[in-house]
1. Starting from the 7 Å offset along Cα-to-Cβ, what nm value, one decimal, do you get for the label separation of residue 35 and residue 113?
2. Can you tell me how the range 22-95 classifies by the Cα gyration tensor, rounded, prolate or oblate, using a/c under 1.5 as the rounded cut?
3. Please tell me the relative contact order of the chain in percent, rounded to the nearest whole number, where contacts are Cα pairs under 8 Å and at least six residues apart.
4. 222 nm [θ] for the chain, helices only, -39500 (n - 2.57) per DSSP H run of 4+, per residue, to 500?
5. Work out, step by step, the length gained on full extension between residue 65 and residue 132: first 0.36 nm times the residue separation, then minus their alpha carbon distance; give nm to one decimal.
6. Angle check, please: helix 83-96 long axis (alpha carbons) against the longest principal axis of the chain (alpha carbons), in degrees 0 to 90, nearest 10.
7. Rank-order 63-75, 46-58 by packing density, defined as the average count of other C-beta atoms within 10 Å over each peptide's residues, highest first.
8. Give the span of the chain's Cα atoms along each principal axis, as three whole-Å numbers ordered largest to smallest.
Ligand code: ZN
């Protein structure tokens, strides 16, 4: 077990080659940009938030397979979720890697078993063995949190 074949599981490559929800939304009322300078990953999320619920989302960006497939997988599970549910999902996702990330600080916590609520994102669990790649995997989740916080604060 282990090694590159685990890092790049088939489902990850499938999302990388044929990403879901790629593009922009003409009616987006929420947007956020994220980047991971360590790897050169870039991501822009645009979403439609109505009555505290994310009704649609798209992503654009470029970078490594981990960052781009994570964005594809994340956008699959977040549609229709309330802001509270989105925060819950990102917490579950970060816990899978055994990290709690607040801004630029990364604190180690005990890794949790991946939750079924995470859908295809569970395929990225193997990334936790590669600490430098965790930021690639978390880019979309952190950008999502930023997009939500902008909306909640009226910016
Ligand atoms: Zn990356």
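Every number here is computed from the coordinates shown, using simple stated rules; none is lab data. Since the model is a prediction, treat every value here as computed from it, not as a measurement. When we count neighbours, we look across all protein chains shown, and the Cβ atoms used for this are built from the backbone with ideal geometry, even at glycine.
1. 4.1 nm
2. It is oblate, given that a/c is not under 1.5 and a/b is not larger than b/c.
3. Values: 263 pairs, mean separation 39.9, N = 155.
Relative contact order here is 26 percent.
4. On the way: 5 runs with 62 residues, N = 155.
One gets -12500 deg cm²/dmol as the mean residue ellipticity at 222 nm.
5. Details: separation 67, 0.36 × 67 = 24.12 nm, distance 1.39 nm.
Length gained between residue 65 and residue 132: 22.7 nm.
6. For 83-96 against the chain, the angle is about 10 degrees.
7. Result, highest mean Cβ count within 10 Å first: 63-75, 46-58.
8. For the chain, the Cα extents along the three principal axes come out at 45, 32, 30 Å.
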